[in-house]
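The values are calculated or read from the model by the stated rules, or taken from the named source; none is laboratory data. Note that the structure is predicted; figures quoted are calculated from it, not measured. All Cβ positions, glycine included, derive from the backbone under ideal geometry; neighbour counts span all protein chains shown.
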Amino acid sequence: MLYQLKSAHRGLLWAVLFVLFQKSLLPTDKLKEKTAQGDDESPHSRIRCPLCKWQPRASDRWFCGYSGPPENFIGCGTAWNTFDTRGVCPGCQHQWRWTACLRCHEYSLHEDWYAKDVE
């Protein structure tokens, strides 16, 4: 149907789609602005490897694949940021109990990665 529209209508439609796409990016941009200003913490700022203290970025990815000890699981192959789902694979719903650090390559209990609030 899109290819049947006149070129002027197609151009207008693409412009509207582009504007809608840009608006869909606004919440992420606002979050980055707040984080840069220190008004708000990034969702991953309170997550760190319990062994080497490395902090993962939102762009880092883990794979639901074969894992020997300590997890001993054959996964589905999904790639995602394990901290976005608190260790649950979005592909097969496996709850990963252990998480490997992408820096020191050691395993730690997934829950130990989350910074504890000091009271």
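A count restricted to region 60-81 and to residues that are at pLDDT 95 or above and either touching a helix residue (DSSP H, G or I) at 6+ places or on another chain (Cβ under 8 Å) or polar (S, T, N, Q) (or both) stands at 2.
Cβ-Cβ distances below 8 Å connect the following pairs, each with a first residue in region 82-94 that is assigned by TED's automatic domain parsing to the domain that holds C64 and modelled with pLDDT of 95 or more, a second residue that is in a loop (DSSP other than H, G, I, E, B) and among the small types (G, A, S), and a separation of six or more residues or different chains: D84/A58; C89/G75; G91/G75; G91/G77; C92/G75; H94/G75.
Taking every residue in region 54-68 that is on the phi < 0 side of the Ramachandran plot and pairing it with any residue that is of a type in the set (D, E), at least 6 positions away or on another chain, the pairs with Cβ-Cβ distances below 9 Å are A58/D84. A residue that is in contact with a helix residue (DSSP H, G or I) (Cβ under 9 Å, 6 or more places away or on another chain), more than 18 Å from P56 (Cβ to Cβ) and outside any loop (DSSP other than H, G, I, E, B) can be found somewhere in region 92-115.
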